Amino acid sequence: MTATRFRELTDLQKEVVRTAREFAENELAPHVEEWDRTGRFPRHAVDALGELGFLGMLVPDEWGGSGVDTITYLLALEEIARVDPSLAVSMSVHNSLPTQMILEHGSDALKERYLRPMAEGSMLGAFALSEAHAGSDPAALTCAAERDGDDWVLNGAKAWVTNGGTADVVVAMARTGGEGAKGVSAFVVEPGWSGYSVGKEEKKMGLKASNTAEIVFSDLRVPGGNLIGESGSGLQYALDSLEAGRLGIAAQALGIAEACIELAIGYAKERRAFGRPIATFQGLRFMIADVAAETAAARALTYAAAERKDRGEPARKEVAMAKLLTSRAAMAAALKAVQVYGGYGYVKDYPVERFFRDAKVTEIYEGTSEIQRLVIASELFAE
Ligand SMILES: Cc1cc2nc3c(=O)[nH]c(=O)nc-3n(C[C@H](O)[C@H](O)[C@H](O)COP(=O)(O)OP(=O)(O)OC[C@H]3O[C@@H](n4cnc5c(N)ncnc54)[C@H](O)[C@@H]3O)c2cc1C
């Protein structure tokens, strides 16, 4: 089945979809069940994404990327998520967050040292904003960075870092000034440096093959040149990059929803009850019709938000709406797919059980659904 898109794709977009789908079906699909069962992070699959040019999609070619528009990037991401949502979140975080912060605000030296290899796929990035007591409210973060000569010295722990245990480069937010948003700065740090260690690796409900780890800084010495942009602007840079980040999660949610719709239709055509395929029962057909309509509407909204962002227009509200509705569509589609499979939806022999577990986090990370509503309402009431 082809996802309902309400638009004709460009030749480049069709090519990107074809490449991503072939890669996902040939290289990922045979292994996703095992990666989910063992919780193994497939670093070689990330490297393969890099070889396909999928790790520098939003970076211009002067810095080693392909500089495609946001929709083209989202199309690739949706195809990866349709097969392996765990790998999709690595791809999304890397492309949308650390690379974008260095691209938008980093010095040329930082771009040469980190952005180029990240865009070319030889360095995997992570984004460390959250802390154990500062998730929805990142302005409450306490990880400290103190000036020492030309360097900064970081102390504290960052929580929930996607790629945290496997990244080659991390963009970390730490407090350089007083309380609140204006006291936060952003740094590029390398996991190999003395004073950097990986703490607890999370045992999650879903996305089991994605690495989510605490990272700990103990007198981590960071060269002054690794401060991104202006001291005190780090939280604003991070929140700005979350616009691309949330669109990435929207694409991940669309991939999950699409997979669930396809699986439910396929199964309903095969499975028989009362002497006929269950696909002939209107009760089931209507379930799928509803989630297909919700998914198509959420996709159209996501593309509209992406186009707005690419035109340089304010898109905070539209991006929040897209994240809210795509994650809701993913949850609804996964729930209905499990229902269509009946008892077989509740066991690990079929992939809908995994998609069901994977879908939930799209309503939690990069801003929970409540935080998306907060963003939408704050823009609406300010108008
Ligand atoms: C698998 C995974 C990967 C992640 N990857 C990263 C990463 O790479 N980098 C990173 O920095 N973070 C990452 N996170 C962290 C994630 O962004 C946070 O978990 C998320 O922002 C929520 O923060 P919290 O868990 O502290 O929940 P809390 O902020 O404690 O929220 C708890 C509940 O309160 C609600 N709530 C909070 N404030 C309000 C409000 N004002 N109004 C209404 N309701 C509210 C929330 O919606 C939620 O339901 C990841 C998380 C997970 C689970």
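Within region 170-204, work out how many residues are away from the ligand (no atom under 13 Å from the Cβ) and closer than 27 Å to Pro117 by Cβ. Selection size over region 170-204: 15.
Taking region 243-255 as the range and being closer than 18 Å to Val171 by Cβ and over 10 Å from the mean Cα position of the chain (by Cα) as the test, only Glu243 passes. Considering each of Arg285, Arg299 in turn, give the residue that is in a helix (DSSP H, G or I), buried (at least 18 other Cβ atoms within 10 Å of the Cβ) and at pLDDT 95 or above. Answer to the selection: Arg299. Checking each residue in region 255-301 for being charged (D, E, K, R) and more than 30 Å from Arg316 (Cα to Cα) picks out Glu262, Lys269, Glu270, Arg271, Arg272, Arg276, Arg285.
Taking the condition within 22 Å of Gly229 (Cβ to Cβ), crowded, with 21+ Cβ neighbours inside 10 Å, of a type in the set (Gly, Ala, Ser) and in contact with a strand residue (DSSP E or B) (Cβ under 7 Å, 6 or more places away or on another chain), does Gly56 pass? No: the conditions fail for Gly56. Quick check on Gln252: is it closer than 27 Å to Ala315 by Cβ and surrounded by 24 or more Cβ atoms within 10 Å (Cβ to Cβ)? In short, yes. As a summary of the residue check, Arg5 satisfies the conditions (1) within 18 Å of Ala251 (Cα to Cα); (2) of a type in the set (D, E, K, R); (3) outside any loop (DSSP other than H, G, I, E, B) except for the one numbered (3). Taking the listed residues Ile256, Ile215, the one that is in contact (Cβ under 8 Å) with a residue 24 or more places away in the chain, within 15 Å of the ligand (Cβ to nearest atom) and either under 27 Å from Glu78 (Cβ atoms) or part of a helix (DSSP H, G or I) (or both) is Ile256, with no other qualifying.
Listed by position, the helices (runs of 4 or more DSSP H) inside region 310-383 whose residues that are touching a residue at least 60 places away in the same chain (Cβ under 8 Å) and hydroxyl-bearing (Ser, Thr, Tyr) number at least 2 are 316-341.
Within region 91-138, restricting attention to residues that are near the ligand (Cβ under 9 Å from one of its atoms) and assigned to a helix (DSSP H, G or I), the residue that is farthest from Gly245 (Cα to Cα) is Pro138.
Within region 122-141, residues that are under 15 Å from Val170 (Cα atoms) have Cβ atoms under 8 Å from residues that are among the hydroxyl-bearing types (Ser, Thr, Tyr) and near the ligand (Cβ under 9 Å from one of its atoms) in these pairs: Ala126/Thr162; Phe127/Thr162, counting only partners at least 6 apart in sequence or on another chain. In region 330-364, the qualifying residues are those that are within 25 Å of Ala134 (Cα to Cα) and crowded, with 20+ Cβ neighbours inside 10 Å, and the one that is nearest to the ligand (Cβ to nearest atom) is Val361. Exactly one residue out of Gly39, Gly50 is at pLDDT 95 or above, surrounded by 20 or more Cβ atoms within 10 Å (Cβ to Cβ), more than 25 Å from Arg299 (Cα to Cα) and not hydroxyl-bearing (Ser, Thr, Tyr), and it is Gly50.
Quick grid of which residues meet (1) of a type in the set (A, V, I, L, M); (2) in a helix (DSSP H, G or I); (3) buried (at least 19 other Cβ atoms within 10 Å of the Cβ); (4) not assigned by TED's automatic domain parsing to the domain that holds Leu28:
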{"site": "Ala157", "(1), (2), (3), (4)": "yes, no, no, yes"}
{"site": "Trp193", "(1), (2), (3), (4)": "no, no, no, yes"}
{"site": "Ser197", "(1), (2), (3), (4)": "no, no, no, yes"}
{"site": "Ala209", "(1), (2), (3), (4)": "yes, no, yes, yes"}
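Of all the listed residues (Val153, Val189, Val216, Val198), the sole one being over 30 Å from Leu325 (Cβ atoms) and in contact with a Phe, Trp or Tyr (Cβ under 7 Å, 6 or more places away or on another chain) is Val189.
The values are calculated or read from the model by the stated rules, or taken from the named source; none is laboratory data. For clarity, every value in this text was computed on a predicted model and none was experimentally measured. Quick reminder, even Gly has a Cβ in these numbers, built from the backbone with ideal geometry, and neighbours come from all protein chains shown.
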